[in-house]
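For reference, the structure is listed below as structure tokens.
The values are calculated or read from the model by the stated rules, or taken from the named source; none is laboratory data. Here the structure is a predicted model, which means the values were calculated and not measured. Every residue, glycine as well, gets a Cβ built from its backbone with ideal geometry; the counts of neighbours run over all protein chains shown.
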Amino acid sequence: MSGTITEITTANPILKRILKLQEEQSWKCDKCEFSCNDFTELQKHSEIAHNEQVDPLREVKKLYVSKDKHRLTIGELFGSRITSRHNQNAILNIVGKQGMGKSNAALYIATETAKWIAKHKGGKPEDYFTIDNCAIMELDTIIPIVKNVDKLRYNIFILDDIGASYGARDYQNVVNKAFNKIIQTFRDSNTLVILTMPDDFLIDKVPRKLAHFQIEMTTQIFHMNVSIGKLSEVKEIYKAHKTIYPFVHDNGVKYTRCMFKLVEGPLHEEYNRRRTEIRKRMTADCLNTVEEATNQISEGKVKAIPKYQQISEEVKQIRLRDPTLSQRKIAGKLGCDVGTVGKALKYANQ
């Protein structure tokens, strides 16, 4: 097999263009007026004259690194959402162990968002958030908030440790069902609702699924009076029936963490006073309940749980696995009468 060798000459127009581009390439020093046509020369110059290395990708980075020095703040993140022309609200879940600064983080976000809204929409920060916008530990403390929600546009509300009385295990309770509906009504109110909880399993799935953002408290730096949390959005993949938590992106920047300073002054003091008062009352109520139950046990007056309530969950699961199964066959499986199965199904579907 034979072949020919083509001689490469500078007369070739394509080669001439490449060589010309290489000749025109100029590397300039950021520290002084030095310039050269070879990157290695620039590297040597920087090491000798400035005692530093030159980033070989600096020219590439200029193509995609934003020159905009503006960085998103926590107040702008939520304030710009609820005040936009798109009629949006925001629900934020703050999750973390006790003592990680969840309540302070909620107060910090509320005050910073109120300042941002006041700056861009007018008024004072107190027009958008005060201590009266906080419901602490008890469900009934949310009643005044809900009554005024339509009158207070762009307001921020905190439901702090509401899981102490609003448990997922009590989802059939009438009050909790009503609260789920209340959470959904915040949609048209242009408000920011912040829920704090030790663990999201303590809250029913409705407010968990409706949340737009979540902050997981990760670090408490006591000597600096700050706490740090992992910030993420809450998004649903409906086809896969899966919830994902991607980090917040804005203007080409990924925000993975946020820092909260200690909120001091009258707001912090009044919040602590109210929380302490409510905690003492709840503790006393719990002790009274335990004492009454103990007395009933000692007197043999404990009321037996009806059979249909005991088997309600089991009957429900059997019916879900096989919807065609009759109540008579279910009764045969469980060793009870048909009427008890009917009551159990009715109780389970309440």
| Out of curiosity, is Leu195 under 30 Å from Asn148 (Cα atoms), in a strand (DSSP E or B) and touching a Ser or Thr at 6+ places or on another chain (Cβ under 8 Å)? | no
| query | Is there any pair linking a residue in region 255-280 that is touching a residue at least 12 places away in the same chain (Cβ under 8 Å) to one that is of a type in the set (D, E, K, R), with Cβ under 8 Å and at least six apart or on different chains, and which? | reply | Thr256/Lys230; Arg257/Lys230; Arg275/Asp160; Ile278/Glu138
| query | So how many residues does region 222-254 have that are among the aromatic types (Phe, Trp, Tyr) and touching a residue at least 24 places away in the same chain (Cβ under 8 Å)? | reply | 1
| request: Scan region 232-289 for residues that are at pLDDT 90 or above, part of a loop (DSSP other than H, G, I, E, B) and among the small types (Gly, Ala, Ser) and jot them down. | output: Gly265
| task | State all residues of region 319-344 that are within 13 Å of Pro306 (Cα to Cα) and either touching an Asp or Glu at 6+ places or on another chain (Cβ under 7 Å) or of a type in the set (A, V, I, L, M) (or both); if no residue qualifies, say none. | result | Val341, Ala344
| request: Have a look at Ala110, Ala106, Ala135 and point out the one that is buried (at least 19 other Cβ atoms within 10 Å of the Cβ), assigned by TED's automatic domain parsing to the domain that holds Thr218 and over 21 Å from Lys261 (Cβ atoms). | output: Ala135
| Which pairs have Cβ atoms under 7 Å, sit 6 or more apart or on different chains, and link a residue in region 114-130 that is over 18 Å from Val193 (Cβ atoms) to one that is assigned to a loop (DSSP other than H, G, I, E, B)? | Ala118/Lys124; Ala118/Tyr128; His120/Thr83; Lys121/Thr83; Lys121/Tyr154
| So which residues in region 190-214 are modelled with pLDDT of 75 or more, farther than 19 Å from Arg275 by Cα and among the β-branched types (Val, Ile, Thr), if there are any at all? | Thr191
| Out of all the residues in region 107-121, is one or more assigned to a loop (DSSP other than H, G, I, E, B), modelled with pLDDT under 95 and touching a Ser or Thr at 6+ places or on another chain (Cβ under 9 Å)? | no
